[in-house]
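Structure, as structure tokens:
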Amino acid sequence: MFGRIFGKPKEQTNALATLDKLNETLEMLEKKEKVLLKKVAAEVEKAKEFTRAKNKRAAIQCLKRKRLYEQQVEQLGNFQLRIHDQMIMLEGAKATTETVDALRTGAAAMKAMQKATNIDDVDKTMDEINEQTENMKQIQEALSAPIGAAADFDEDELEAELEELEGAELEEQLLQPATTAPAAPVHVPAGRQQVRPAPQKNTAEEDELAALQAEMAM
């Protein structure tokens with residue numbers, strides 16, 4: 001369907017295969033350049049020999065061929081420069097394409113993850129969690145509720161009884177006689193005698209009681 005709407009995508013060029021082809025061509029040009037340089041050197045040697053032999057015409061012909069070879073060498077050098085330039089551009093384009101492909105793959109993965117975890121699914125999951133939490137809370141409350149005879153007890157009556165017990169305890173504490181604390185001992189400095197309190201005189205009732213006890217003893 002997408003092919004009918006947008007057309008078929010163009011076939012991508014294999015960058016690695018293209019680089020290999022350019023390398024092969026570069027090696028071929030370098031070999032030809034070496035051969036031509038050898039021919040240039042050979043023509044120079046021939047021109048020297050013809051010059052020593054006083055054959056000026058032949059020496060000039062050698063120099064002409066040398067220049068033709070040199071022109072070819074220069075042309076091959078330009079070809080090599082062109083190929084080097086294209087290889088650099090192709091390597092840069094390859095790096096760019098790989099970077100774009102990596103970014104596209106990452107974007108597709110992110111889109112797939114977002115599709116797998118859309119906001120509706122998240123809301124639905126949270127609702128399910130809240131519902132399960134509420135159900136568990138109700139179950140725990142049901143388990144903790146009193147059953148049997150304990151369920152018939154009135155909480156208000158129990159609280160009133162507890163208040164009565166607390167009031168009775170407080171009243172009992174108030175009715176208890178206050179205990180007097182023992183008198184603290186008096187510290188007497190060294191060299192001083194402690195003065196004993198004078199004995200109190202007996203009352204008339206105590207004297208009569210003592211006389212009566214003496215008579216009964218006789």
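The values are calculated or read from the model by the stated rules, or taken from the named source; none is laboratory data. Remember, it's a predicted structure, so these values are computed and weren't measured experimentally. Because the Cβ atoms are built from the backbone with ideal geometry, glycine has one as well, and the counts that use them run over all protein chains shown. Accessible surface areas use protein heavy atoms only, side chains included; no ligands, DNA or RNA. Shrake-Rupley method; radii C 1.70, N 1.55, O 1.52, S 1.80 Å.
Kindly indicate whether Glu131 is part of a helix (DSSP H, G or I), open to solvent by 90 Å² or more (accessible area, probe 1.4 Å) and within 30 Å of Glu24 (Cα to Cα).
For Glu131, the condition - part of a helix (DSSP H, G or I), open to solvent by 90 Å² or more (accessible area, probe 1.4 Å) and within 30 Å of Glu24 (Cα to Cα) - is not met.
Looking for something of a type in the set (Val, Ile, Thr), at pLDDT 80 or above and either open to solvent by less than 100 Å² (accessible area, probe 1.4 Å) or part of a loop (DSSP other than H, G, I, E, B) (or both) - is there at least one such residue anywhere in the stretch 104-119?
yes
Yes or no: the stretch 65-82 includes at least one residue that is among the hydroxyl-bearing types (Ser, Thr, Tyr), surrounded by 10 or more Cβ atoms within 10 Å (Cβ to Cβ) and under 26 Å from Asn23 (Cα atoms).
yes
Scan the stretch 15-39 and report the pairs whose first residue is without any contact (Cβ under 8 Å) to a residue 12 or more places away in the chain and whose second residue is open to solvent by 100 Å² or more (accessible area, probe 1.4 Å) and among the hydrophobic types (A, V, I, L, M, F, W, C), with Cβ atoms within less than 8 Å and a gap of 6+ or a chain change.
none
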